[in-house]
1. When you go through (1) in contact with a Gly (Cβ under 6 Å, 6 or more places away or on another chain); (2) surrounded by fewer than 22 Cβ atoms within 10 Å (Cβ to Cβ) one by one for Leu392, which number turns out not to apply?
2. Return the only residue of Arg358, Arg299, Arg365, Arg307 being of a type outside the set (Asp, Glu), in a helix (DSSP H, G or I) and either in contact with a helix residue (DSSP H, G or I) (Cβ under 7 Å, 6 or more places away or on another chain) or under 22 Å from Gln445 (Cα atoms) (or both).
3. Scan the range 199-215 and report the pairs whose first residue is within 16 Å of Ala181 (Cβ to Cβ) and whose second residue is open to solvent by less than 90 Å² (accessible area, probe 1.4 Å) and aromatic (Phe, Trp, Tyr), with Cβ atoms within less than 7 Å and a gap of 6+ or a chain change.
4. Quick test for you: out of Leu328, Leu400, pick the one residue that is out of contact with any Lys or Arg (no Cβ under 6 Å at 6 or more places or on another chain), crowded, with 23+ Cβ neighbours inside 10 Å and either at pLDDT 95 or above or of a type outside the set (Asp, Glu) (or both).
5. Report yes if Glu240 is among the charged types (D, E, K, R), surrounded by fewer than 23 Cβ atoms within 10 Å (Cβ to Cβ), modelled with pLDDT of 95 or more and under 21 Å from Glu516 (Cα atoms), otherwise no.
6. Would it be correct to say that Ser128 is open to solvent by 40 Å² or more (accessible area, probe 1.4 Å), in contact with an Asp or Glu (Cβ under 9 Å, 6 or more places away or on another chain), polar (S, T, N, Q) and in a helix (DSSP H, G or I)?
7. From the list Asp431, Asp406, pick out the single residue that is under 30 Å from Arg191 (Cα atoms) and either of a type in the set (D, E, K, R) or open to solvent by 40 Å² or more (accessible area, probe 1.4 Å) (or both).
Amino acid sequence: MDQAQPNERGADSSRQELLAQAFNLLQQGRATEAAHLSDALLAAHPGDAEVLFLASETRLETEDPESALGFICAAVEAAPGQLPLLLKKADNLIMLRRRVDARQVAVEATAVAGDDGRALWMIGKIYSRCDDPAAALPLYLHAQRMLASHPVLLHDLAMARFFTGDIEGAEQDLEALLAAAPMSAHALYLRSTLRRQTEAHNHVEDLQQRLATGFADAAGRATCLFALAKELEDLGQSEESFAALSQASALKRQHMNYDAAAERESIDSIRAGYTKEVMQAEVPGHGEAGAIFIVGMPRTGTTLLERMLGRHSEVNSAGELLDFGQLLAAASRKAHAAHPESSMVEASLKIDFASLGRDYMIAAREAAGGSQVFIDKMPVNYIYCGLIRKALPKARIIHLVRDPMDSCYAIYKTLFNQAYPFSYDFDELADYYATYHRMMRHWHQVMPGDILDVHYEDLVTDTEAQAHRILEWCGLVWQGAVLSPSDNDTPSTTASAAQVREPVYTSSLGKWRKYEAQLAPLSDRLAAAGIVGVE
């Protein structure tokens, strides 16, 4: 035994050196070399948790998430009760859209975490990523008691309260956050969006003072200007609001790395590839029914319709899922690897649409709590209407349409969280809208009768008639509860989370006309593209 100990220490030292070397290679983006080292370590130490963790990380970097999950599961078995491994396992499960399994891992992790505030916080984030702020909330609260006034945790806590309708609690969290971190711009913006501001209750002077003090970076200043613009509009100070909004948008766009033309070209290439002949060609799809896709531009009433349908006893919402686009991209990459001479769109024509539909339904139904009928309210799925039809021929597609200028103004004034980067510049916004408009006109032409257009203006002025029409389209029996979307007490995690708590209102109709002069360049560019009003 005495002779073996130095050998064991030497082997362990070599293992640690190789592990460090492999992780350094991963950090440098040299995944293939890291994978070779990982394979060597696996051969020598097949049951070692650190080695298995490394193997999982290298598989993720080489785009093999299924194998990555297998290795992280093995690591958890090799080192039971290790929170970092459990959290990583949950992360991998979410990546693979296995949300039920991820929640189960969160339960296991909670049992291990005890009063570890940071661990509880990270477990709460698992639920948040599963679009379940109600489950995240008690974990954030427990973590907050352990970590006191941690600014980032307080922001997560405020967001969870906001999404679950606890506006007063969210305001209290944000005040505590701002006491600890006075120049937290995202807290300032969230505080402004929690409710409509009034003469008696607003933060305009506070925001102006913070802007005068100055922010450490342009992003913070832009975010605070968006907050100020929102509050000034609430107070009816239109000129001042638009001035702040213009500054905010210009500053935001100036510091973004975004190729607007490339995004439009990508959308146009799908339109060009999915011709009428392609759409008429028979391909096997997945015949399961129950999916309702709500698509369109953002800020066009998609959330209102989701909340209405969500009041029906047979319907649950899965939220804004990325699943269809992610599964489509993965299948197209595989097809492209087999046919490298093809473009990505051409490769997508060769995928197994039935498998795409089946995989989507498994993941989406999980996200909707197993409901037989569910809503996927990801607006940008408008890009994939034809592919949805091929993969899921029994799915229902509802397209929300709104006055172009009302739509574009509502988009322009919203600070989105890592989405819709075209929204901060008039030319890019108008050009993107024209691209969207051409795409939806194309889908109607090549698959006539397969998409139900619902006009926002009709939805808010003739709600009952539109509700009857929509339920009939979805094959659902009439239930009057759909006329009371504000009574829907499920969480809402969209940019409209504040408005959904209110009854149906018409005050946003024609709102852009208050800023007709300032929005003239946007209106002119839309008109040049042939877009002058609601079709």
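1. (2)
2. Only one candidate passes the filter, namely Arg307.
3. No pair meets every condition.
4. Checking each option against the conditions leaves just Leu400.
5. yes
6. Considered against the rule, which asks whether it is open to solvent by 40 Å² or more (accessible area, probe 1.4 Å), in contact with an Asp or Glu (Cβ under 9 Å, 6 or more places away or on another chain), polar (S, T, N, Q) and in a helix (DSSP H, G or I), Ser128 comes out as yes.
7. None of the other options fit; the residue is Asp406.
So that you can scan it fast, the table gives a plain yes or no per residue for (1) of a type outside the set (Gly, Ala, Ser); (2) surrounded by 23 or more Cβ atoms within 10 Å (Cβ to Cβ); (3) at pLDDT below 95; (4) touching a strand residue (DSSP E or B) at 6+ places or on another chain (Cβ under 8 Å):
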| residue | (1), (2), (3), (4) |
| --- | --- |
| Ala135 | no, no, no, no |
| His142 | yes, no, no, no |
| Ala160 | no, yes, no, no |
| Glu171 | yes, no, no, no |
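The values are calculated or read from the model by the stated rules, or taken from the named source; none is laboratory data. Quantities reported herein were computed from a predicted structural model and do not represent experimental measurements. We place every Cβ from the backbone using ideal geometry, glycine too, and count neighbours over all the protein chains shown. Note: areas computed on protein heavy atoms with side chains; ligands, DNA, RNA excluded. Shrake-Rupley method; radii C 1.70, N 1.55, O 1.52, S 1.80 Å.
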